[in-house]
Structures are given as C-alpha cells and as structure tokens.
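J.: Sharing a structure with you now.
The values are calculated or read from the model by the stated rules, or taken from the named source; none is laboratory data. It should be emphasised that the depicted structure is a prediction, and the values quoted were computed from it without experimental measurement. As a convention, Cβ positions derive from the backbone with ideal geometry for all residues, glycine included, and neighbour counts pool all protein chains shown. Just so you know, the surface numbers come from the protein's heavy atoms only, side chains and all, with ligands and any DNA or RNA stripped out. Shrake-Rupley method; radii C 1.70, N 1.55, O 1.52, S 1.80 Å.
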Amino acid sequence: MSSDGLDDWPTGRLLSTAARLVEHSWEKVLRSQDMTHAGLIVLHSIAGGPASQRDIAKNARVTDQTMSRTIDRLERAGYVTRDTDPRDERRRVIAITDAGRLTYARLLTLEKEDAALTVGVGDVAALREQLLRLVRSPGLKTATRERQENSGD
C-alpha cells in the first residue's frame with residue numbers, strides 16, 4: 001500500500017483525477033496551437049464534411065448555446081465557416097476551412113506524439129477500449145444528459 005492514500009480512493013475519483021491531469025497536459029498543447037478542447041471537438045466533428053450546429057452540439061454532448069460560442073471563436077480564427085443550410089434556411093451548416101483542416105491535422109499528430117497523455121499507462125490500447133465502453137455506456141449518457149438539463153449547460 002502506498003503512503004499517498006490513493007489506494008483508498010474510489011474508482012470514480014481516480015478516473016476523474018486522471019482525466020483532469022491528462023486534460024491539463026493536453027490543454028497546454030492546445031493553447032500552444034491557439035485551440036481549445038471544445039474547438040478541437042468541432043473540427044473533429046466536421047473533418048469529414050459539414051454538419052449543423054445542432055448535430056455538432058449533440059455529438060459533443062453540449063447545448064446549442066455552448067456550441068455557438070465555440071463555433072463563433074473558430075469562425076473568427078478562420079478555422080470554420082457558417083452558412084445557411086440549402087435544404088432548410090432556418091438552420092446553419094458549419095464547414096471546416098483549409099486553415100482549420102491544417103490545424104486539425106497538426107493537433108492529431110501532436111496528440112499521438114504527446115507522451116504526457118499516456119505516461120504510466122502500460123497497455124494504451126486496452127485502456128482506450130475500456131474508456132470507449134465507459135463513454136458509450138447508456139447509463140453514463142443518461143446521467144450526463146440529466147446533469148446538463150438541470151444545470152442549463
């Protein structure tokens with residue numbers, strides 16, 4: 001047993017702490033590229049083709065209002081464009097620009113090469129599989145959605 005007391009922590013607290021540590025490390029990388037975590041999620045969502053703001057927000061598990069602010073920032077930086085949907089003029093379609101595509105590709109490379117994101121992890125592939133199962137868990141999605149609805153995020 002270690003003297004740091006971590007052996008007594010519940011799994012949820014360990015996971016949350018590990019996520020925060022990785023997130024802080026990754027945020028430094030993102031800031032060095034004038035990007036945010038939310039912005040990277042948007043670029044990932046539209047790298048394969050344009051999408052509506054609502055669909056991007058749904059995939060990112062945030063509200064339309066939260067996504068609107070992120071897209072505003074990306075648009076000012078020249079990474080995305082926002083146009084009227086030709087099929088429904090009430091909706092907006094978000095598309096990645098050449099500058100956004102270059103930044104996205106550079107960040108994917110940095111993410112794969114950043115040892116701080118996986119330091120101390122023996123089997124990264126196994127951890128990734130477990131994380132995917134956790135994130136895709138219906139119970140987790142329901143709890144996250146209920147928290148968002150209650151907090152107004």
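J.: For helix 98-113, report the angle its Cα long axis makes with the longest principal axis of the Cα atoms of the chain; keep it between 0 and 90° and round to the nearest 10°.
T.: With both axes taken from Cα atoms, the answer is about 10 degrees.
J.: Summing +1 for each Lys or Arg and -1 for each Asp or Glu, what net charge is found among the other residues whose Cβ lies under 15 Å from the Cβ of residue 56?
T.: +2
J.: Can you list residues whose amide H is under 5 Å from residue 85's amide H, if they're 5+ apart or on another chain and H is modeled 1.01 Å from N?
T.: 91, 92, 93
J.: Oh, and also: Which whole-number value in Å³ per residue fits the convex hull of the alpha carbons of segment 1-139?
T.: That works out to 144 Å³ per residue.
J.: Expressed in nm to one decimal, what extension gain is obtained for the pair residue 4 and residue 28 from 0.36 nm per residue of sequence separation less their Cα-Cα distance?
T.: Here the answer is 6.0 nm.
J.: Now for a different question. To the nearest 10 degrees, how steep is helix 64-77 against the longest Cα principal axis of the chain, on a 0 to 90 scale?
T.: 70
J.: So what is Rg over Rh here for segment 13-55, counting just Cα atoms and using Kirkwood for Rh?
T.: 1.11
J.: Probe radius 1.4 Å, ligands and nucleic acids ignored: give me the carbon and sulfur share of the accessible area of segment 35-76 as a rounded percent.
T.: C and S atoms contribute 49 percent here.
J.: Just to confirm the number: angle between the C-alpha axis of helix 138-151 and the first principal axis of the chain, 0 to 90 degrees, nearest 10?
T.: Roughly 70 degrees, rounded to the nearest 10.
J.: Hey, got the dipole for the chain? About the Cα centre, +1 on K and R Cβ, -1 on D and E Cβ, debye to the nearest 20?
T.: About 420 debye.
J.: For 7, 64, write out the residues from largest to smallest accessible area, computed with a 1.4 angstrom probe and no ligands counted.
T.: Final ranking, largest accessible area leading: 7, 64.
J.: When ligands, DNA and RNA are left out and all protein chains stay put, how many square angstrom of accessible area per residue does the chain have with a 1.4 Å probe?
T.: Roughly 69 Å² per residue, with all protein chains present.
J.: What figure, in Å² to the nearest 10, do you get for the accessible area of residue 66 with a 1.4 Å probe and non-protein molecules left out?
T.: It works out to around 40 Å².
J.: Follow-up question, since we're still on this one. So for the chain, averaging the separation of alpha carbon pairs under 8 Å that are six or more residues apart and normalising by length, what relative contact order in percent results?
T.: Relative contact order, the chain: 20 percent.
J.: At residue 16 and residue 106, where each label point lies 7 Å from the Cα along Cα→Cβ, what is the point-to-point distance in nanometres?
T.: Roughly 3.6 nm, to one decimal.
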